[in-house]
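Enquirer: Could you have a look at this structure, given as structure tokens, before my questions?
Just so you know, all these numbers are worked out from the coordinates, no wet-lab data involved. Computed from a predicted model, the values in this text were never measured in an experiment. Don't worry about glycine lacking a Cβ; one is built from the backbone with ideal geometry, like all the others, and counts go over all protein chains shown.
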Amino acid sequence: MNDFIFHNPDKVYFGRNQMGNLPGELLNYGRKVLLVYGGGSIKRSGLYDQVVSLVRDNGMELFELSGVEPNPRHTTANKGAAICRKEGIDVILAVGGGSTIDCAKGIAAAAKTENGDVWPLVSSGVWATDALPLIAVLTNAATGSEMDAWCVISNMETNEKIGLGGDALIPKAAFENPEFSFSLPPYQTACGAFDIFNHVLDNYYLAGEATFDLVLEMQEAVMRTVVKWTPVALKEPDNYEARANLMWASSMALNSILDAGTVHACACHGMEHELSAYYDITHGHGLAILTPRWLTYILNEDTAPAICRLGERVFGLEKSDNVTEGAKKAIEAVNTFAFETLGLEPSLSRLGIDETHFRAMAEHVCGESGIIGVRSLNVDDVVNIYKMCL
Ligand code: NZQ
Ligand code: ZN
């Protein structure tokens, strides 16, 4: 167990009747608000009208940036930053899923730079310490962006999708009403759920020895919640309890509570971001295809106990005397969850992806040091894993 500092200043308003608190939160920072949203789901659901009324009826001036793409582009973030600089925006209001919130974080950081360009920040790997204040209204249980310090921005010209982190990027407040996710299509529900599951598994659960019992139990509880409630949400999209469990699981997975005292890794996330950068696929789907293959690839004497425990604690498999056999059953359970329960296509070839760019992707994600983790991976390992996904 490592020493840790826990500090997450994000104030979460969770539940059905919290939006009345939005104007007060915004007014903490000023009267000029930039509303950032995606391709129109919030207009169809009526959330757009609600938010616009809350802002305007409380004497604030509203500016808008719409059309944020899934896998948000640096060019879109730069457009938002230009509005902020021209209009003297005081606070950014992101209403949507992880892409919208991530783009808003990119805008918030870029607006504070000399030239308003987010890409130098993203590509240099700096820790962002200055940004405009951001408030998030979440509509998709998935990325944890509503409570974390990260955004992931894509540059399609260079086939790069990279995380930008910084304390300044943590939202000042997040509004989480599970009802806002009732309208999610099954595919996005499934992809979001797998993303949550993988955040815990990939980032800390299988990252290494450094952990302690309370945190391990909480990690398992979050993964178990995803396994239990996603099928309910798929069957009954307006089941409040199911959506509420998934939404809070999304936030819990990346708000730093579950990584207290652990070591970090992110093998699947690193490999997936390459896939999204080259092929613009949905993040959670890429993870679902990669995860069981990665587990199979890293299975050895050292990793078998933890993978076996995953099967027993998260998927409720019977206790196994032979940890390697138990681990294989656990991987089978992950397969079944991803491709049967969630109904996701099981291979990259089904998404129209072949091995053309595998080596370039592997070289990019490995950089000079490879992917560090419970079993570290070099370029050849990553190419092998991609090939297993075909
Ligand atoms: O754009 P709109 O019209 O809003 O539609 C979106 C989009 O088409 C739709 N949607 C969202 N909420 C909806 C809805 N449709 C109907 N009803 C609703 N309530 O769903 C589609 C996907 O939305 P998106 O925001 O792209 O999904 P998600 O929340 O999964 O975000 C994915 C992005 O976040 C990044 C991913 O890489 C990807 O770029 N990540 C961010 C992280 C972070 N900030 O820490 C960590 C993650 O690991 C991840 O990398
Ligand atoms: Zn993710």
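Enquirer: In what sequence do L295, L216, L26 fall when counting other Cβ within 10 Å, fewest first?
Expert: L216, L295, L26
Enquirer: If R₀ is 41 angstrom, what is the calculated FRET efficiency for the pair K228 and M1, using the beta carbon separation as r and rounding to 0.05? Numbers along the way, then the final one.
Expert: On the way: r = 28 Å, r/R0 = 0.68.
E(calc), rounded to 0.05, equals 0.90.
Enquirer: Using a ≥ b ≥ c from the Cα gyration tensor of segment 131-231 (square roots of the eigenvalues), is it rounded, prolate or oblate, where a/c under 1.5 gives rounded and otherwise the larger of a/b and b/c decides, a/b for prolate?
Expert: Since a/c stays below 1.5, the shape of segment 131-231 is classed as rounded.
Enquirer: Residue-wise, which Karplus ³J(HN,Hα) couplings in Hz belong to segment 14-31, taking 6.51 cos²θ - 1.76 cosθ + 1.60, θ = phi - 60°, and x for glycine or proline?
Expert: Along segment 14-31, the couplings run 10, x, 6, 10, 10, 5, x, 7, 5, x, x, 5, 5, 5, 4, 10, x, 10 Hz.
Enquirer: Determine ³J(HN,Hα), in whole Hz, for all residues of segment 62-69 in sequence, where each value follows from phi through the Karplus function 6.51 cos²θ - 1.76 cosθ + 1.60 and θ = phi - 60°; x replaces Gly and Pro.
Expert: 10, 10, 9, 10, 10, x, 4, 7
Enquirer: What number do you get for segment 1-102 when its Cα radius of gyration is normalised by 2.2 N^0.38 Å, N = residues? Let's see the in-between values first.
Expert: Working: Rg = 15.1 Å, N = 102, 2.2 N^0.38 = 12.8 Å.
Output field value: 1.19.
Enquirer: So, with +1 on the Cβ of K and R and -1 on the Cβ of D and E, and no other charges, what is the size of the charge dipole of the chain about its Cα centre, to the nearest 20 debye?
Expert: 880 debye
Enquirer: I would also like to ask the following. Out of the GluC sites (Glu not before Pro) in segment 86-182, which ones are loop residues according to DSSP with at most 10 other C-beta atoms within 10 Å?
Expert: Those satisfying the criteria are E114, E157.
Enquirer: Then there's this: Please list the equivalent ellipsoid semi-axes of the chain, computed as the square roots of five times the alpha-carbon gyration tensor eigenvalues, in descending order and whole angstrom.
Expert: 34, 23, 19
Enquirer: Still on this structure, please answer the following. In whole angstrom, note down how far apart the Cα centers of segment 81-104 and segment 28-59 are.
Expert: Here the answer is 11 Å between Cα centres.
Enquirer: Under a Cβ-Cβ cut-off of 13 Å, what is the net charge of the residues other than L26 that fall near it, where Lys and Arg count +1 and Asp and Glu count -1?
Expert: Surrounding charge for L26 is +1.
Enquirer: Still on this structure, I have one more. Which one of G30, L295, V334 has its Cα pushed farthest toward the positive end of the charge dipole of the chain, where Lys and Arg give +1 and Asp and Glu give -1 at the Cβ?
Expert: My answer, from the dipole projection, is G30.
Enquirer: Could you grab the relative contact order for the chain? Cα pairs under 8 Å, six or more apart, rounded to a whole percent.
Expert: 15 percent
Enquirer: Note down the nm distance, to one decimal, between modelled labels 7 Å out along Cα→Cβ at R56 and at D213.
Expert: Placing both labels 7 Å beyond Cα along the Cβ direction yields 5.8 nm.
Enquirer: What shape does segment 274-390 take by its C-alpha gyration tensor, where a ≥ b ≥ c are the square roots of the eigenvalues and a/c under 1.5 counts as rounded, a/b above b/c as prolate, and the rest as oblate?
Expert: Verdict is oblate for segment 274-390.
Enquirer: Cα-Cα pairs above 20 Å in segment 268-329: how many percent?
Expert: 38 percent
Enquirer: While we're here: Ranked by Cβ crowding within 10 angstrom, fewest neighbours first, how are E325, E217 ordered?
Expert: On the way: E325 13, E217 10.
Ascending Cβ contact count within 10 Å gives the list E217, E325.
Enquirer: Ranking M60, M247, M252 by Cβ neighbours within 10 Å, fewest first, what do you get?
Expert: M60, M252, M247
Enquirer: How much of the DSSP bridge set in the chain is antiparallel, in percent, rounded to the nearest 5?
Expert: Antiparallel: roughly 25 percent of the beta bridges in the chain.
Enquirer: Name the residue from Y278, A94, N71 whose Cα lies farthest towards the positive end of the charge dipole of the chain, charges +1 on Cβ of Lys and Arg and -1 on Cβ of Asp and Glu.
Expert: Positive-end residue among those listed: A94.
Enquirer: Decide, for segment 201-312, between rounded, prolate and oblate: order the square roots of the alpha carbon gyration tensor eigenvalues as a ≥ b ≥ c, take rounded if a/c falls under 1.5, and otherwise choose prolate if a/b is larger than b/c, else oblate.
Expert: Details: a/c = 1.65, a/b = 1.14, b/c = 1.44.
Verdict is oblate for segment 201-312.
Enquirer: Mind listing which trypsin sites (Lys or Arg not before Pro) in segment 253-356 are in a DSSP loop and have 12 or fewer other Cβ atoms within 10 Å?
Expert: On the way: sites: R293, R309, R313, K319, K328, K329, R350; in loops: K319.
Passing both the DSSP loop test and the Cβ count: K319.
Enquirer: Now a separate question. On a 0 to 90° scale, report how tilted helix 213-235 is relative to the longest principal axis of the chain, with both axes built from alpha carbons and the result rounded to the nearest 10.
Expert: So the helix axis and the longest Cα principal axis differ by about 80 degrees.
Enquirer: Per residue of the chain, what 222 nm ellipticity follows from adding -39500 (n - 2.57) for every DSSP H run with n ≥ 4, rounded to the nearest 500? Could you put the intermediate results ahead of the total?
Expert: Details: 15 runs with 180 residues, N = 390.
Calculated at 222 nm, the ellipticity per residue is -14500 deg cm²/dmol.
Enquirer: Past the 28 Å Cα-Cα mark, which pairs from K235/K387; K228/K387; K79/K172?
Expert: Check vs 28 Å cut-off fails for K235/K387; K228/K387.
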